[in-house]
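A short write-up of the structure that comes next.
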Amino acid sequence: MWKMPRRFSLTDPLDDVETWSESVDKVLSCKAGQIAFREFLKSEYSEENILFWLACEEYKKTKTAPEMISSANRIYSEFVQTEAPRQINIDCSTRENITKNISQPTLASFDSAQKLVYSLMARDCYPRFLKSDIYQGLLRRAASR
């Protein structure tokens, strides 16, 4: 049985656990949901999906051009390029388009890939997450408070 990692705060995150079943957006919109979903994805060997999605969310907050270039190259080398350590599962044309434009990144550089990964998580991973020991354990814990 899955045990909640110590990094979970028990004060407020468990209040939201029941709402996570409403949509994948509810899970992704709170830190505790992200942590639980990441733990689940790690158990399914697909943790790169949420890591990429979170990296893209941070990337969109980039303020300066040098910061954007640095972040874009890090995301590209970690998740997008062929043989990347945490290569995401995206189609060839999306990967090629990012590769072609990585030398001049924009805040929208990873949007199409992020949408694909989001769809994959929402359609495939999220329904399994709701049935997982991780989520069910958190629900029981929240209910017993």
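The values are calculated or read from the model by the stated rules, or taken from the named source; none is laboratory data. These numbers were taken from a predicted model, which means no experiment stands behind them. FYI the Cβ positions are ideal-geometry reconstructions off the backbone, even for glycines, and counts take in every protein chain you see. Please note that ligands, DNA and RNA were not included when accessible areas were found on the heavy atoms of the full protein model with its side chains. Shrake-Rupley method; radii C 1.70, N 1.55, O 1.52, S 1.80 Å.
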Run a plain Debye calculation on the chain (Cα atoms as equal point scatterers, no solvent) and give log10 I(q)/I(0) at q = 0.19 Å⁻¹, rounded to two decimals, same order as the q list.
-1.07
If I compute solvent accessible area with a 1.4 Å probe over the protein chains, what percent of it on the chain is carbon and sulfur?
50 percent
Place +1 on the Cβ of every Lys and Arg and -1 on the Cβ of every Asp and Glu in region 72-145, take the dipole about the Cα centre, and give the residue among Tyr126, Asn89, Ile75 whose Cα lies farthest towards its positive end.
Tyr126
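With charges set only on the Cβ (+1 for Lys and Arg, -1 for Asp and Glu), what does the dipole of region 7-145 come to about its Cα centre, in debye to the nearest 20?
140 debye
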Spatial separation of Cα centroids for region 58-73 and region 111-145, in angstrom:
28 Å
Scanning the chain for GluC sites (Glu not before Pro) in DSSP loops with at most 15 other Cβ atoms within 10 Å, what's the longest stretch left with none?
84-145
Any idea of the accessible area per residue across the chain, 1.4 Å probe, to the nearest Å²?
57 Å²
